Amino acid sequence: MFNFDFKNTAINDSLRWSRQPVFAFANLFKKIFLGLSFISFLLFSYGFLSENFTLILNRTLFGAFLVFFSSYLSFWLIDVFFSMRLAKPKLTIEISQAALRPENFNIAEFFSIEVAKAVGKTIKFCEVKGVEANSTALFYFLLKDNPKFNFIFSRLLLDISDIKKNLEERIKSFEEKTPVKLYASNFENTVLESLWIAQGK
Amino acid sequence: MEQVIGWYLSEVPKNIIKAWKNFLAFGLDYFSIFLLFKTFFSYWHRYKSSYGRGFDLKRYFEAASFNLISRALGAFVRSIFIVVGIAVEICLVFLGLAVFTGWFLLPFLISGGFLFGVRLLVF
């Protein structure tokens, strides 16, 4: 039996947390404030060393630098908290135990946040389409949101954008039918195979 | 909130200490400080002169002086690496200490920096 309850997992809670604006935009704001603090510091340094700026302007630039840099550090802390704590919930069981008897454990518990995102999107997409969640949709959503794959595909001399396009066309052409079960057997096999590979790592 | 405090005050400091230990262990291993102490007076690059058979005073002094210089050279070069290694380890100790205390001071530094920055901007 395929024991897979994605909705009742800690990683799904993490996904919900990741949609909160404070976490969703932390990385973006972190980059923006780092850029702003860098620019304001450069301007301040130029004004301070060349003495071309007035004292008030230099003071303002240094104040702006402090505000931007403190904001950058705050968003950095939020981002680190999310990626260290929320995105990696503590597992109560070892993956090796689950690999031995996958039917006794909820395999969805072992997903990383990136895979959980892709699985969540796959399930939602297939629900809307009225089909069983399958490995084609999973593959598409995994490729779509993970730029890390670009490197692997480029090393394999495969055109990732072409593959994505083909997969997109394929999943859009899914025909609605009454699903016999929630997950197609190819989806189940993919998840189980990944579990066995992951526990060997 | 409980999770945030637990993470900030317990989980991350533990990780910092772990990383700190790793860096220190790496430094010791990289400079082979203990091994250098153990082999401190060993020959330099195993350059060793044989005393040969029989008793030949000239050859004996030649070999003895060569071996003494080889050992002295070995000890000299090793002592440089030991000093550099220990200096690096001391730097790592202070760096780790700075990171560790900096982590606890970070919220105060952030809020202090922000308020001071606003003060400079507004007043």
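Each reported figure results from applying straightforward, stated rules to the coordinates on display, with no laboratory input. None of the values given here were measured: they were computed from a predicted structure. Neighbour counts are summed over all protein chains in view; Cβ atoms, including those assigned to glycine, are modelled from backbone coordinates with ideal geometry.
Computed values, structure above
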item	result
Degrees, to the nearest 10: B:12-31 long Cα axis against longest axis of chain B	20 degrees
0 to 90° range, to nearest 10: angle between helix B:57-122 axis and chain B longest Cα axis	0 degrees
Of the DSSP H helices in chain A, those whose Cα atoms cover at least 20 Å axially and whose Kyte score averages -0.5 or more	A:26-50, A:55-81, A:113-129, A:185-200
For A:S74, B:S10, order by how many other beta-carbon atoms lie within 10 Å, fewest first	B:S10, A:S74
From the C-alpha gyration tensor of region B:1-76, square roots of 5λ in Å	55, 8, 6
Qualifying lysines (Cα of each under 28 Å from Cα of A:K177; at least 8 residues distant if same chain)	A:K7, A:K117, A:K121, A:K124, A:K129, A:K144, A:K164, A:K165
Eligible lysines near B:K38 by straight Cα distance, threshold 20 Å, same-chain separation 8 or greater	B:K48
Separation between Cα centres of region A:49-120 and region B:1-32, rounded to whole Å	18 Å
Compactness relative to 2.2 N^0.38 Å, alpha carbon Rg of chain A	1.41
Charge tally in the Cβ shell below 15 Å around B:G85, where Lys, Arg are +1 and Asp, Glu are -1, B:G85 excluded	0
